[in-house]
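The values are calculated or read from the model by the stated rules, or taken from the named source; none is laboratory data. Being a predicted model, the structure only gives us computed values, none of them experimental. Glycine also receives a Cβ, built like all others from the backbone with ideal geometry; neighbour counts cover every protein chain displayed. The protein model used for the area step is the full one, side chains on, heavy atoms only, and it has no ligands, DNA or RNA in it. Shrake-Rupley method; radii C 1.70, N 1.55, O 1.52, S 1.80 Å.
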2 protein chains.
Amino acid sequence: MTNISVDRCAELLKEYDNYLILTHRNPDGDTLGSAFALHRALSKLNKSSMVRCIDDIPAKYSYLWENTDNGDIKFEKIIAVDIADRKLLGDSFNRLYGEDVFICIDHHMSHREYAENLLFGDRAATAEVIYELVNALGVEIDSGIADCIYTGIATDTGCFTFSNTEPSTHRIAAEMMEKGADFALINRLMFETHTMSYIKLEQMALSTIETYFNGRCALMTVTQKMFEESGSNEGECDGIASLPRKIEGVMIGVTVRERVDGTYKVSLRTVAPYDAAKICAALGGGGHSRAAGCDFDCSLDEVKSILLKNIEAELV
Amino acid sequence: MTNISVDRCAELLKEYDNYLILTHRNPDGDTLGSAFALHRALSKLNKSSMVRCIDDIPAKYSYLWENTDNGDIKFEKIIAVDIADRKLLGDSFNRLYGEDVFICIDHHMSHREYAENLLFGDRAATAEVIYELVNALGVEIDSGIADCIYTGIATDTGCFTFSNTEPSTHRIAAEMMEKGADFALINRLMFETHTMSYIKLEQMALSTIETYFNGRCALMTVTQKMFEESGSNEGECDGIASLPRKIEGVMIGVTVRERVDGTYKVSLRTVAPYDAAKICAALGGGGHSRAAGCDFDCSLDEVKSILLKNIEAELV
């Protein structure tokens, strides 16, 4: 298992004809955009592939696979996209496929190797790596592929707001617009459209905000009760974790989300120089320097107390 | 009074040495970013200028004039930036300066001529026109100018989400990043930072949302009482008008804001093909096809009834 170049990756992909493309659990715009861009590119090379995710894919992403055949096939090789760690395949998928991944295409600095790696840790999104790969495969980017790549780039950069955005990110976006990406529709679906139930959930969540350490840390809680009362669900609240950091003066924003099984999913968003990945790694999680996460299986009070102790150490 | 080319505009600017640069009332990131980019560029040509606005400039924009001298000077000529109509100078500024504007630099399709016009109606932001002008002036873009141009572009496109965004918008943004624009800080200040008082105001405003015409129109009200109770103010709620359109299915989002003097400021945000500028123009206002505004001096019930009648006509 080694890091491979984009040209070597293109060579390897040309050797087989039938691929299973896996996304990470709780799929987001980058893992899905990357997977379907690759699916579409492989199809242009007359290769078969199917994209699979352990969790349901939210309906708002359906344009990504429009006019493609994502039916069942007998695959020869497995490709993982935007998956920093085998565990993020989800338990049963990790057991089924985790040891047999042929190539992993990713952009996470915190990546834990489990296959041949096409890894560009300096890119804002895995979709940027896919852009290079599609070019290396000699596939012409059509409007469908452009939609997929634009989606990955836009969602992983908070539509070009986050500090991970590079000049190259903007230039690839410009090119995808020229290739026909329906960027206004995509941005509206990804960033501007919320259900009334989500808006209610956001209002409930905002009312739980507590600040610590002279207002430099804000902690917000989302409970199963709030999901019930608002009628919202996990699938529609991708962006909720960005709310606590939006408060003036907050350096570390924390969102604690209660899962159906009573465990907690924690998301951290930080302002430079505070390192979200470092805090989460110490708690068994991982991610990027400004956006990371970890899991807890204990009471909410314990979750908060452990988090705040670790955050205080980082803030000092 | 004619439309002039960017080269002709650069020639004209080189003929005088002392300029008053005016922004529109209720200043936003594009009028301010454009004004201070020009102020900085003129200073590199050893010309004096001062930027003035009839309203107070919110403190969050202070980085735009950092390390520049924006003191009083005896000016020879007046430049207006991002001002589609003399009236938008504000009453007293319009009386004082409106007839004497030398050059107007703008990007509004709805522009009403009142000076020599450098007008690119197809650009996402006046800051894009300023970018062309700064190049035509032969001024090298430094990090200060880059911050100003990036700010104008990013704010007028909702950070590249709106349909007015062009491939050129992304490419100029990429170049501004390379010239040293502190894009992550700017984006955080412009899009990601809210005071607790604003967050409270948003919660109050969201609770007033009413939907009409099978959920295709959403109307939100912001009253002076809400400003009092939340502790928020006009200066910190630039983005609030974008909220109603964010609800799934809404084609026309309306925000009715009560002013201190009891009049109402209405902001419309639409989804294609619905034309916000057309609806507002019929009511004495103006703007862009997806974002426009108008004013009312009557009761809130009358405001709503007139608006809904005009919106229904557009939706049919």
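Filtering the range B:166-177 down to residues that are within 7 Å of chain A (Cβ to nearest Cβ) and of a type outside the set (A, V, I, L, M, F, W, C), which residue is surrounded by the most Cβ atoms within 10 Å (Cβ to Cβ)? Per the criteria, the residue is B:His170. For the range B:116-134, give me each residue that is hydrophobic (A, V, I, L, M, F, W, C) and either in a strand (DSSP E or B) or surrounded by fewer than 21 Cβ atoms within 10 Å (Cβ to Cβ) (or both). Passing the criteria: B:Leu118, B:Leu119, B:Phe120. Inside the range A:196-220, residues that are more than 12 Å from every other protein chain (Cβ to nearest Cβ) and buried (at least 20 other Cβ atoms within 10 Å of the Cβ) make up a count of 2. The test for being modelled with pLDDT under 95 and farther than 25 Å from B:Gly158 by Cβ does not hold for B:Asp28. Taking the range B:221-239 as the range and being under 16 Å from B:Cys159 (Cα atoms) and either among the hydroxyl-bearing types (Ser, Thr, Tyr) or open to solvent by less than 50 Å² (accessible area, probe 1.4 Å) (or both) as the test, only B:Gly239 passes. The selection criterion, being under 23 Å from the mean Cα position of the chain (by Cα) and within 24 Å of B:Lys87 (Cβ to Cβ), does not hold for B:Ser5.
So that you can scan it fast, the table gives a plain yes or no per residue for (1) in contact (Cβ under 8 Å) with a residue 60 or more places away in the chain; (2) touching a Gly at 6+ places or on another chain (Cβ under 9 Å); (3) within 22 Å of A:Ser5 (Cα to Cα); (4) open to solvent by 40 Å² or more (accessible area, probe 1.4 Å):
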{"site": "A:Asp55", "(1), (2), (3), (4)": "no, yes, no, yes"}
{"site": "A:Lys74", "(1), (2), (3), (4)": "no, no, no, yes"}
{"site": "A:Ile78", "(1), (2), (3), (4)": "no, no, yes, no"}
{"site": "A:Lys87", "(1), (2), (3), (4)": "no, yes, no, yes"}
{"site": "A:Gly90", "(1), (2), (3), (4)": "yes, no, no, no"}
{"site": "A:Asn94", "(1), (2), (3), (4)": "no, no, no, no"}
{"site": "A:Ile105", "(1), (2), (3), (4)": "yes, no, yes, no"}
{"site": "A:Ser110", "(1), (2), (3), (4)": "yes, yes, yes, yes"}
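Scanning the range A:221-256 for residues that are over 17 Å from the mean Cα position of the chain (by Cα), away from chain B (no Cβ under 14 Å) and among the charged types (D, E, K, R) gives A:Lys225, A:Glu228, A:Glu229.
Scanning the range B:240-284 for residues being at negative phi and either of a type in the set (Ser, Thr, Tyr) or open to solvent by less than 40 Å² (accessible area, probe 1.4 Å) (or both) gives a total of 27. Do you know which residues across the range B:268-316 are within 19 Å of B:Gly239 (Cβ to Cβ), in a helix (DSSP H, G or I) and not aliphatic (A, V, I, L, M)? Across the range B:268-316, the qualifying residue is only B:Cys280. The sole residue among A:Asn67, A:Asn18 that is over 27 Å from A:Gly121 (Cα atoms), in contact with a strand residue (DSSP E or B) (Cβ under 6 Å, 6 or more places away or on another chain) and not hydrophobic (A, V, I, L, M, F, W, C) is A:Asn18. Going through (1) open to solvent by less than 10 Å² (accessible area, probe 1.4 Å); (2) more than 9 Å from chain B (Cβ to nearest Cβ); (3) within 19 Å of B:Thr169 (Cα to Cα) one by one, A:Gly180 falls short only on (1).
Scanning the range A:221-230 for any residue that is among the aromatic types (Phe, Trp, Tyr), in contact with a strand residue (DSSP E or B) (Cβ under 9 Å, 6 or more places away or on another chain) and more than 20 Å from A:Glu312 (Cβ to Cβ) turns up at least one such residue. Does B:Glu192 meet the test of being open to solvent by 40 Å² or more (accessible area, probe 1.4 Å), within 9 Å of another protein chain (Cβ to nearest Cβ) and of a type in the set (Asp, Glu)? Spelling it out, it is not the case that B:Glu192 is open to solvent by 40 Å² or more (accessible area, probe 1.4 Å), within 9 Å of another protein chain (Cβ to nearest Cβ) and of a type in the set (Asp, Glu). Beta carbons closer than 6 Å, at least 6 apart along the sequence or on distinct chains, pair a first residue in the range B:260-285 that is within 14 Å of chain A (Cβ to nearest Cβ) with a second that is surrounded by 22 or more Cβ atoms within 10 Å (Cβ to Cβ) and outside any strand (DSSP E or B) for B:Arg269/B:Arg245; B:Thr270/B:Ala276. When A:Ile83, A:Ile78, A:Ile57 are screened for being modelled with pLDDT of 95 or more, farther than 21 Å from A:Asp142 by Cβ and within 13 Å of the chain's Cα centre (by Cα), only A:Ile83 passes.
Applying the criterion of being assigned to a helix (DSSP H, G or I) and open to solvent by 20 Å² or more (accessible area, probe 1.4 Å) to the residues of the range A:135-158, the residue that is farthest from the other protein chains (Cβ to nearest Cβ) is A:Ala136.
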